[in-house]
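J.: Right, I'll just put the structure down here and ask away after.
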Amino acid sequence: MSTSPAASGTGAAPLPADDPSLFELDLRGLRHRWADRADLAPIGAETMRGADHRAQALGVSDERLMEHAGTAVAAAVKALALDTDRWGTGPIVIFAGPGNNGGDGYVVARRLALNGARVVVAVVAREARPTGPTAARNWDRIANDRGIVKVHAPVARDVAVFSQGIDKAAVIVDALLGSGVRGPLREPVRSAVEIIDRAHHAGVPVVAVDTPTAVDLSSGEPSEPAVAADLTVTFHRPKTGLLTRRGAAHAGKVLVAPIGLGREADRG
């Protein structure tokens, strides 16, 4: 896949994983860097999935899309932590679910660790290693990294044990579930969302990957319970669900990051 600026379909800034100065930017700098993305027309979850599938049919690998997505979130997490004077005050805690949202979270973990953060990853899923091939590859890249603490929490009780001391986290990253949530949350994800909510109320900033868990990217309607984030990093285009009253209340501030879906994928 081309990694030139044009790969984002705009001729603008480099894509996140190819941007050498990305982790030097504060939140205002990131917003400026990706301003062309935020100006695009919003889309819903189904349209986004179509663009993703068309891009892969055109030869853009799912692995590169995930790398750009996770890198963008990691840069935003560092920027938020620095802007709030929390960088280095505690670990960055990442709650990773069983699918590609969790795969993004593993990229976030690796990129943050490379930039000097203490990182703890809670794998909130029945299996410790994801079943999806791209998420599994990104899990494998951190599995033997002793600088990243990994905890497997397959049931609610394990999540509860893990949550002890969660208020000491510098930032929490919600990489549990993406746009495919339907109906009430099931365990152990439900317990993880409740713990994120308690930490958020205790003053720990929360960054959501693509959408806060259990908030529909098309309608903005939340399931019960749903994550309330301080910052959401969504990908490619603004999402209609994050612009509704209820969606925006859960998303907090929103950054729209490029991940390499070009105009050909957008047009369909």
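Computed from the coordinates by the stated procedures, all read-outs in this text should not be read as laboratory data. Just so we're clear, the structure is a prediction, and the values are computed from it rather than from any experiment. So basically every Cβ, Gly included, is an ideal-geometry build from the backbone, and we count neighbours across all protein chains shown.
J.: So, restricting to helices (runs of 4 or more DSSP H) that lie completely within the stretch 22-66, which ones have at least 2 residues that are of a type in the set (A, V, I, L, M, F, W, C) and farther than 24 Å from GLY220 by Cβ? Quick ask: steps written out before the conclusion?
T.: Details: elements: 27-33, 35-38, 45-57.
Counting at least 2 such residues, we get 45-57.
J.: Right, another one. Name, by its number, the condition in (1) touching a helix residue (DSSP H, G or I) at 6+ places or on another chain (Cβ under 7 Å); (2) crowded, with 20+ Cβ neighbours inside 10 Å; (3) without any contact (Cβ under 8 Å) to a residue 60 or more places away in the chain that does not hold for HIS250.
T.: Among (1) touching a helix residue (DSSP H, G or I) at 6+ places or on another chain (Cβ under 7 Å); (2) crowded, with 20+ Cβ neighbours inside 10 Å; (3) without any contact (Cβ under 8 Å) to a residue 60 or more places away in the chain, the lone unmet condition for HIS250 is (1).
J.: List every residue pair whose Cβ atoms sit under 9 Å apart, with the two residues 6 or more apart in sequence or on different chains, where the first one lies in the stretch 228-239 and is under 20 Å from ASP83 (Cα atoms) and in contact (Cβ under 8 Å) with a residue 60 or more places away in the chain and the second, anywhere, is buried (at least 24 other Cβ atoms within 10 Å of the Cβ) and of a type in the set (D, E, K, R).
T.: VAL233/ASP210
J.: Would you tally the residues in the stretch 208-228 being of a type in the set (Ser, Thr, Tyr) and buried (at least 24 other Cβ atoms within 10 Å of the Cβ)?
T.: First, the residues of the stretch 208-228 that are of a type in the set (Ser, Thr, Tyr): 211, 213, 218-219, 223.
Narrowing further to those that are buried (at least 24 other Cβ atoms within 10 Å of the Cβ): 211, 213.
Count: 2.
J.: Tell me, which residue of the stretch 168-223 that is out of contact with any strand residue (DSSP E or B) (no Cβ under 6 Å at 6 or more places or on another chain), outside any loop (DSSP other than H, G, I, E, B) and among the charged types (D, E, K, R) is nearest to PRO91 (Cα to Cα)?
T.: Looking at residues that are out of contact with any strand residue (DSSP E or B) (no Cβ under 6 Å at 6 or more places or on another chain), outside any loop (DSSP other than H, G, I, E, B) and among the charged types (D, E, K, R), I get LYS168.
J.: Report, by residue number, each residue of the stretch 119-155 that is in contact with a Pro (Cβ under 6 Å, 6 or more places away or on another chain) and surrounded by fewer than 17 Cβ atoms within 10 Å (Cβ to Cβ).
T.: Within the stretch 119-155, ARG126, ALA136, VAL155 qualify.
J.: Could you please find all residues in the stretch 37-50 being touching a residue at least 60 places away in the same chain (Cβ under 8 Å) and under 20 Å from PRO16 (Cβ atoms)?
T.: To start, the set of residues in the stretch 37-50 that are touching a residue at least 60 places away in the same chain (Cβ under 8 Å) comprises 37-38, 40-46, 48-50.
Listed by number, the residues that qualify are ARG37, ALA38, LEU40, ILE43, MET48.
J.: Residue pairs, Cβ under 7 Å, 6 or more apart or interchain, first in the stretch 18-33 and more than 17 Å from GLY260 (Cα to Cα), second polar (S, T, N, Q). List them.
T.: Correct list of pairs: PHE23/ASN115.
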